[in-house]
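For reference, the structure is listed below as structure tokens.
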Amino acid sequence: MTSILILNGPNLNLLGTRQPDVYGHTTLADIEAMCRTKATALGIAIAFGQSNSEGALVDHIHAARGVHDGIILNAGAYTHTSIALMDAISSVEIPTVELHLSNIHSREEFRHRSYIAKVALGVICGFGATGYTLAMDALAGHLGQAG
């Protein structure tokens, strides 16, 4: 069975209360429940990870090799700074979709640069929590699963 790792970076554990005007009121637990429902509909397995630590995120990506067929990564602020995450994705050679709740291109200039996009299959941003299920559809389609 196709398996996707959904990995969330720094401050995403605070969703629902952190800047709801930017990130909405949906919690990370709500997003995980939405993704479980979508995974059932797609006939795929999913696993979740979240860390505020860059090194722990790199460890999650390394551990995905041979276990998961794809990764959905919301790296948060590390998107704009982490060569280590970019290198980890490149090293494990697992198709990865970069995801953001907000439209990073309509925000501060520093958010317009993404190291992750350089090695990602694609980028989904600006659709709030729905972006996770959009990313699942995109990745499942890429992996040859029914959409």
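Which one of the conditions (1) loosely packed, with under 15 Cβ neighbours inside 10 Å; (2) at pLDDT 95 or above; (3) within 14 Å of the chain's Cα centre (by Cα) does Ala77 fail to meet, given that it meets all the rest?
Single failed check for Ala77: (2).
Look through the range 11-26, keep the residues that are of a type outside the set (A, V, I, L, M, F, W, C), under 15 Å from the mean Cα position of the chain (by Cα) and under 18 Å from Gly126 (Cα atoms), and return whichever of them is surrounded by the most Cβ atoms within 10 Å (Cβ to Cβ).
Filtering the range 11-26 down to residues of a type outside the set (A, V, I, L, M, F, W, C) leaves 11, 13, 16-21, 23-26.
Now restrict to residues that are under 15 Å from the mean Cα position of the chain (by Cα): 11, 13, 23.
Remaining after also requiring under 18 Å from Gly126 (Cα atoms): 11, 23.
Values: Asn11: 14, Tyr23: 19.
Filtering first and then ranking leaves Tyr23.
Taking only the range 105-116 into account, find how many residues are over 13 Å from Ala88 (Cα atoms) and either within 14 Å of the chain's Cα centre (by Cα) or at pLDDT 95 or above (or both). Show your work before the answer.
At the first step, the residues of the range 105-116 found to be over 13 Å from Ala88 (Cα atoms) are 105-114.
With the extra rule that they be either within 14 Å of the chain's Cα centre (by Cα) or at pLDDT 95 or above (or both), the set shrinks to 114.
Residues that pass the stated criteria total 1.
Kindly establish whether Arg113 is without any contact (Cβ under 8 Å) to a residue 60 or more places away in the chain, surrounded by fewer than 14 Cβ atoms within 10 Å (Cβ to Cβ) and farther than 24 Å from Met1 by Cα. Steps first, please.
Working: without any contact (Cβ under 8 Å) to a residue 60 or more places away in the chain: yes; surrounded by fewer than 14 Cβ atoms within 10 Å (Cβ to Cβ): yes; farther than 24 Å from Met1 by Cα: yes.
For Arg113, the condition - without any contact (Cβ under 8 Å) to a residue 60 or more places away in the chain, surrounded by fewer than 14 Cβ atoms within 10 Å (Cβ to Cβ) and farther than 24 Å from Met1 by Cα - is met.
Which ranges mark the helices (runs of 4 or more DSSP H) fully within the range 1-96 that have 2 or more residues being more than 17 Å from Asp137 (Cβ to Cβ) and touching a residue at least 60 places away in the same chain (Cβ under 8 Å)? Don't jump to the end; show me each part of the working.
Values: elements: 20-23, 28-42, 54-64, 83-92.
Of the helices (runs of 4 or more DSSP H) lying wholly inside the range 1-96, those with at least 2 residues that are more than 17 Å from Asp137 (Cβ to Cβ) and touching a residue at least 60 places away in the same chain (Cβ under 8 Å) span 20-23.
Tell me yes or no: at least one residue of the range 46-64 is farther than 25 Å from Leu14 by Cβ and among the hydrophobic types (A, V, I, L, M, F, W, C).
Start the filter on the range 46-64 by keeping residues that are farther than 25 Å from Leu14 by Cβ, which leaves 62.
Cutting the leftovers down to among the hydrophobic types (A, V, I, L, M, F, W, C) gives us none.
Scanning the range 46-64, I find no residue that is farther than 25 Å from Leu14 by Cβ and among the hydrophobic types (A, V, I, L, M, F, W, C), so the answer is no.
Restricting the search to the range 31-69, which residues are over 24 Å from Ser82 (Cα atoms), charged (D, E, K, R) and surrounded by 15 or more Cβ atoms within 10 Å (Cβ to Cβ)?
Of everything in the range 31-69, those that are over 24 Å from Ser82 (Cα atoms), charged (D, E, K, R) and surrounded by 15 or more Cβ atoms within 10 Å (Cβ to Cβ) turn out to be Glu32, Lys38.
Has the range 24-39 got any residue that is modelled with pLDDT of 95 or more, closer than 24 Å to His112 by Cα and in contact with a Ser or Thr (Cβ under 6 Å, 6 or more places away or on another chain)?
No, there is no match, as no residue in the range 24-39 is modelled with pLDDT of 95 or more, closer than 24 Å to His112 by Cα and in contact with a Ser or Thr (Cβ under 6 Å, 6 or more places away or on another chain).
The values are calculated or read from the model by the stated rules, or taken from the named source; none is laboratory data. Note that the structure is predicted; figures quoted are calculated from it, not measured. We place every Cβ from the backbone using ideal geometry, glycine too, and count neighbours over all the protein chains shown.
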